[in-house]
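Notes to accompany the following structure.
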Amino acid sequence: LDSLIALVSVAGHRTVLHTYVTPVVVSALLYADTRVRDRSFVRDRWGPRGVRIAWVSLVALVFAGIGLDFVDHGVNPLWPLHDQFYVLDGRFEVSDQRGIVQSYVDLSPDTEQTGPTSRGSSQEVNISTGVDPNPGGEGGGPDPDTVEDPERMFPIVRHGWQLAILVSGTVVTGARLWMDDSSAE
């Protein structure tokens, strides 16, 4: 929808409807309505199910509506307070030598994205894993004669969209467990 707004306004695609300001404001209003006020408009009009649907809709907007574009091509998450596009992309891994390795918080201006390129055939390209960090070789490095302690990488998150799925799945699972516990009382 916001791509249509771009036809009539400078602020448009991935700006007007791809900002986290809207869900934050709506969340504050919904919280005030359902928890602070003596009588909730949403609960009176649609009941407890309506409150749950409102919160689920906000979570869906944050993760599926804005989050997937945030980790793909970028969004303007603080518009209209701060007019700047951002892309969340990086890696999150566990290494036996470096511990937890992440590249999501990288402020260096040298990052540039390139399209897919040919890397070679299966004879030319060996993919290392945490189990076999030096495929085809006996040592630990790319040279089969080298004997060193190889770094073993076990990827957890390697792309922004994977981070979005990991975080949203964790939030939804936690919310479901919390709702099941609170409804049992």
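The values are calculated or read from the model by the stated rules, or taken from the named source; none is laboratory data. This one's a predicted model, so the numbers in the text were calculated from it and none came from an experiment. Note that we place each Cβ from the backbone using ideal geometry, even for glycine, and neighbour counts take in every protein chain shown.
Report the residue count in the range 36-49 for those that are of a type outside the set (Lys, Arg) and surrounded by 16 or more Cβ atoms within 10 Å (Cβ to Cβ). Residues meeting the conditions: 2.
Regarding the range 54-74, can at least one residue be identified that is on the phi > 0 side of the Ramachandran plot and either among the hydrophobic types (A, V, I, L, M, F, W, C) or not in a helix (DSSP H, G or I) (or both)? Yes, the range 54-74 has at least one match. Among the candidates Gly90, Gly99, the residue that is touching a strand residue (DSSP E or B) at 6+ places or on another chain (Cβ under 8 Å), under 30 Å from Pro133 (Cβ atoms), at pLDDT below 90 and not charged (D, E, K, R) is uniquely Gly90.
Condition test on Val105, is it at pLDDT below 80 and either out of contact with any Ser or Thr (no Cβ under 8 Å at 6 or more places or on another chain) or among the β-branched types (Val, Ile, Thr) (or both)? Let's see the steps before the verdict.
On the way: at pLDDT below 80: yes; either out of contact with any Ser or Thr (no Cβ under 8 Å at 6 or more places or on another chain) or among the β-branched types (Val, Ile, Thr) (or both): yes.
The answer is yes for Val105.
Here Phe85 meets the list (1) surrounded by fewer than 16 Cβ atoms within 10 Å (Cβ to Cβ); (2) modelled with pLDDT of 95 or more almost entirely, failing just condition (2). When residues of the range 78-95 are filtered for being assigned to a strand (DSSP E or B) and under 19 Å from the mean Cα position of the chain (by Cα), how many remain? Of the residues in that region, 4 qualify.
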